[in-house]
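This report refers to the structure that appears directly beneath it.
Here, each number is a calculation from the coordinates, and none is a lab measurement. All values derive from a computational prediction rather than experimental measurement. A quick note on method: Cβ atoms are made from the backbone with ideal geometry, for glycine too, and the neighbour counts reach across all protein chains shown.
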Amino acid sequence: MNEDTIKLLRECNAGCKSATNSMEQVISHIKDKGLKSLINKYNDKHIKIGDKCHEMLNECGEEEKDPKSMVNTFSWLTTEMKLMLKNDDDKIAELMIDGCNMGIKSVSRYLNQYKNASKESIELAHRLVKIEQEFMNDLLIYL
């Protein structure tokens, strides 16, 4: 496995972890059953992609990358503060849409940066971008 493949898989895995952390953080605040179901559905999809990244890294003896603890802490605090100010489902949908947008941009950037990654890892990254786009579109009705 070449270095670009390893880096792309690590970044995708870290992005999936950040996404699932955010979804799990807000789930208890959600009142609408449809929104809760939607977030659980996409949380499962992110877990599956993260697991696949982890599996591919393990196959070549590489370790996964965790999101930076300062970034995680800042993200958690920011979300908690926003939910304290307005704890409505539309605010949660907005936070999730912002996260999708960040995920789309960062994974797309990594795809451009790690052009020599394996075909399988590139396809996995594209699948992650597609899931983020679908999630964002599905969240729009909750704004």
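Observations, loosely collected:
- Shown in residue order for segment 35-52 are the 3J(HN,Hα) couplings computed by the Karplus curve 6.51 cos²θ - 1.76 cosθ + 1.60 at θ = phi - 60°: 5, 4, 5, 4, 5, 4, 4, 6, 4, 4, 5, 5, 4, 5, 5, x, 4, 5 Hz (x for Gly and Pro).
- In this label model, Asn40 and Ile27 are separated by 0.8 nm, measuring between points 7 Å along each Cα→Cβ vector.
- Extension gain for the segment Glu59 to Asn101, taken as residue separation times 0.36 nm less the Cα-Cα distance, is 12.1 nm to one decimal.
- Of Lys7/Lys33; Lys17/Lys119; Lys48/Lys91, pairs whose Cα-Cα distance is over 28 Å: Lys7/Lys33
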